[in-house]
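**Student:** My questions will all concern the structure given below.
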Amino acid sequence: MTVINQLSSSLGQKGNDANIALAKGIAKTVDNNAIQELVKNLKNKDKKIQADCIKTLYETAYIKPDLIANYYVEFLELLSSKNNRLVWGGMIALATISDLKSKELFESIELISNTVNNGSVITVDAGVEIYTKLNKYSEFQDKVENLLTDQLWKCPVKQLPKYMEKSTISINEKNKEIYQKIINERKTECEKESQIKRLDKVLKRIEKI
């Protein structure tokens, strides 16, 4: 049975249970041939197959990101797709490999940032994750930190706690003031006590840096 025949849509199933199970199997067996077949079928004429393939690829990468890392060019190409499912799926895939391909992703930061600025909520979520991971590296900070803080200033406040939590991996003594300022100024926008508590928790972590 080919990998494509094991996808949810090929099996006539709704949901992603089959795709996730397939991803776990690929990661466990380090099946590079399966990865290659999935990447190839991102251009399948059937949009359901395309969606299943990108889902399986990034689910595999959650477990073993190095299996898909060398296909970063193909994932970057998805950001220009007219199929929004492939756009945000591609962005998630890129987020999973940001630490492995930081230089390559930084070289395409304009494409990534343009996609984030025009993207859906899921696209922005994954884009912010890419920013936070790239921002850990001093050679990228001059450019990436501006992109990250721009999103922190303008994102819907319900997204802010999650984005701030992700951002802590790149906050240090030199840059912590801007993140403290964002939290303190935007905290007044929060409508839920749970949002405030999460932001206060991040604030305490930053203060200890």
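**Student:** Using the alpha-carbon atoms, what tilt in degrees (0 to 90, nearest 10) does helix 17-29 show relative to the longest principal axis of the chain?
**Tutor:** Roughly 90 degrees between the two axes.
**Student:** Let me ask you something else. So which trypsin sites (Lys or Arg not before Pro) in region 1-98 end up in coil per DSSP with only 15 or fewer other C-beta atoms within 10 Å?
**Tutor:** Those that pass, being in a loop and sparsely packed, are K14, K45, K82.
**Student:** Which of the GluC sites (Glu not before Pro) found in region 120-209 are in a DSSP loop and have at most 15 neighbouring Cβ atoms, other than their own, within 10 Å?
**Tutor:** Values: sites: E129, E139, E145, E165, E173, E177, E185, E189, E191, E193, E207; in loops: E173, E191.
In loop regions of region 120-209 (DSSP not H, G, I, E or B), the sparsely surrounded GluC sites (Glu not before Pro) are E173, E191.
**Student:** Still on this structure, please answer the following. In terms of the Cα gyration tensor, with a ≥ b ≥ c the square roots of its eigenvalues, is region 99-175 rounded because a/c is under 1.5, prolate because a/b exceeds b/c, or oblate?
**Tutor:** oblate
**Student:** Right, another one. Using DSSP to call loops (not H, G, I, E or B), can you name the trypsin sites (Lys or Arg not before Pro) in region 145-209 whose Cβ has at most 16 other Cβ atoms within 10 angstrom?
**Tutor:** On the way: sites: K154, K158, K162, K166, K174, K176, K181, R186, K187, K192, K197, R198, K201, K204, R205, K208; in loops: K158, K174, K192, K208.
Of the trypsin sites (Lys or Arg not before Pro), the ones in loops of region 145-209 whose Cβ has at most 16 other Cβ atoms within 10 Å are K158, K174, K192, K208.
**Student:** Additional query: Grab the DSSP H runs of the chain that are 4 residues or longer, score each as -39,500 (n - 2.57), total them, divide by all residues and round the 222 nm result to the nearest 500 deg cm²/dmol.
**Tutor:** Counting only the DSSP helices, I get -20500 deg cm²/dmol.
**Student:** Ok, one more. How large is the dipole of the chain about the Cα centre if only Lys and Arg carry +1 and Asp and Glu carry -1, each at its Cβ, rounded to the nearest 20 debye?
**Tutor:** Using only the charged Cβ atoms, the result is roughly 540 debye.
**Student:** Treating the angle as unsigned and between 0 and 90°, give the value, to the nearest 10°, between the Cα long axis of helix 176-186 and the longest Cα principal axis of the chain.
**Tutor:** 90 degrees
**Student:** Ok, one more. What whole-number distance in Å separates the alpha-carbon centres of region 3-35 and region 99-129?
**Tutor:** Using only Cα atoms, the two centres lie 26 Å from each other.
**Student:** Here's something else I'd like to know. Can you work out the accessible area per residue across region 67-209, with the rest of the protein chains kept in place, probe 1.4 Å, in square angstrom?
**Tutor:** 50 Å²
**Student:** What nm value, rounded to one decimal, do you get for the distance between K47 and E177 when each label is placed 7 Å out toward the C-beta?
**Tutor:** In this crude spin-label approximation the distance works out to 5.0 nm.
**Student:** If I fit a long axis through the Cα atoms of helix 121-134 and take the longest principal axis of the Cα atoms of the chain, what angle between them do I get, 0 to 90°, rounded to 10?
**Tutor:** That helix lies at roughly 70 degrees to the long axis.
**Student:** Something else now. Could you please report the charge total around E207, scoring K, R as +1 and D, E as -1 over all other residues with beta-carbon less than 14 angstrom from its beta-carbon?
**Tutor:** +3
**Student:** Also: Over region 11-135, with every protein chain in place, what whole percent of the accessible area is carbon and sulfur at 1.4 Å, could you tell me?
**Tutor:** The computed percentage sits at 49.
The values are calculated or read from the model by the stated rules, or taken from the named source; none is laboratory data. As the structure is a prediction and not an experimental result, all values here were calculated from the model. Positions of Cβ are generated from backbone atoms using ideal geometry, with glycine treated the same way; all protein chains shown enter the neighbour counts. Ligands, DNA and RNA are stripped out before the accessible areas are found, and what is left, the full protein with its side chains, is counted by its heavy atoms. Shrake-Rupley method; radii C 1.70, N 1.55, O 1.52, S 1.80 Å.
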